[in-house]
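The values are calculated or read from the model by the stated rules, or taken from the named source; none is laboratory data. Computed from a predicted model, the values in this text were never measured in an experiment. Note: ideal-geometry Cβ built from the backbone for every residue, glycine included; neighbour counts use all protein chains shown.
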C-alpha cells in the first residue's frame, strides 16, 4: 500500500488511514495514520538519521501539529475521525538533537520522535490528546467506536 506524503495535513491522514483499511482483508479493519505538520508542511517518518536531525532541528523551539486519522471499515461501512494535538518543543541545542537521534527512537516515528519515550525530553508542552501524539487518538476512537475500546 502506497502512503501519500504531501498535501493538506488533515486530508492526508484521512486518505492514508482509508487506504490502510482497503489494503487489509477482513470483516472489520482499523486503519490509523499520523503525521507532524509544521506550518501546514507534513513531516512523516524520517528516512535516515540526517533527516531525523533536520526534522528535529526544524521543530526546535516551535509549535507543531500532530494530526491523526482513524478509518474503521466494518463490512461496507466506512467511518472516519481525525484528531489534532499541538506540541511545543523546547529550544534544542545541536548536542541535544544528536543525543536524541543516537537513541534511534526516531525510526518509524512521524516527525522523528516518540513522546512516550525519551522524546518527552524534547517537549515543552502539549495541547490536546497525548495519545494522538503517540499515534492512536484513543478519545477519537472511543467516540467513533466505543465498543472497540470499552467492550460491548
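Within region 49-84, how many residues turn out to be closer than 18 Å to residue 19 by Cα, over 12 Å from the mean Cα position of the chain (by Cα) and assigned to a strand (DSSP E or B)? Within region 49-84, residues that are closer than 18 Å to residue 19 by Cα, over 12 Å from the mean Cα position of the chain (by Cα) and assigned to a strand (DSSP E or B) number 9. Residues in region 114-152 that are under 22 Å from residue 97 (Cα atoms), free of Cβ contacts under 8 Å to residues at least 60 places away in the same chain and not in a helix (DSSP H, G or I): 114, 115, 116, 117, 123, 124, 125, 126. Checking each residue in region 93-113 for being farther than 19 Å from residue 33 by Cα and part of a helix (DSSP H, G or I) picks out 94, 95, 96, 97, 98, 99, 100, 101, 102, 103.
Each row is one residue, and each column tells you yes or no for (1) buried (at least 21 other Cβ atoms within 10 Å of the Cβ); (2) at pLDDT below 95; (3) out of contact with any helix residue (DSSP H, G or I) (no Cβ under 8 Å at 6 or more places or on another chain).
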| position | (1), (2), (3) |
| --- | --- |
| 38 | no, no, no |
| 46 | yes, no, no |
| 62 | no, no, yes |
| 67 | yes, no, no |
| 86 | no, no, yes |
| 91 | no, no, yes |
| 98 | no, no, no |
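Of all residues in region 32-48, count the ones that are under 17 Å from residue 114 (Cβ atoms) and part of a strand (DSSP E or B). Of the residues in that region, 6 qualify. Would you confirm whether or not region 19-31 contains a residue that is under 30 Å from residue 95 (Cβ atoms), outside any loop (DSSP other than H, G, I, E, B) and touching a helix residue (DSSP H, G or I) at 6+ places or on another chain (Cβ under 6 Å)? Checked against the condition, which is being under 30 Å from residue 95 (Cβ atoms), outside any loop (DSSP other than H, G, I, E, B) and touching a helix residue (DSSP H, G or I) at 6+ places or on another chain (Cβ under 6 Å), region 19-31 yields no hits at all.
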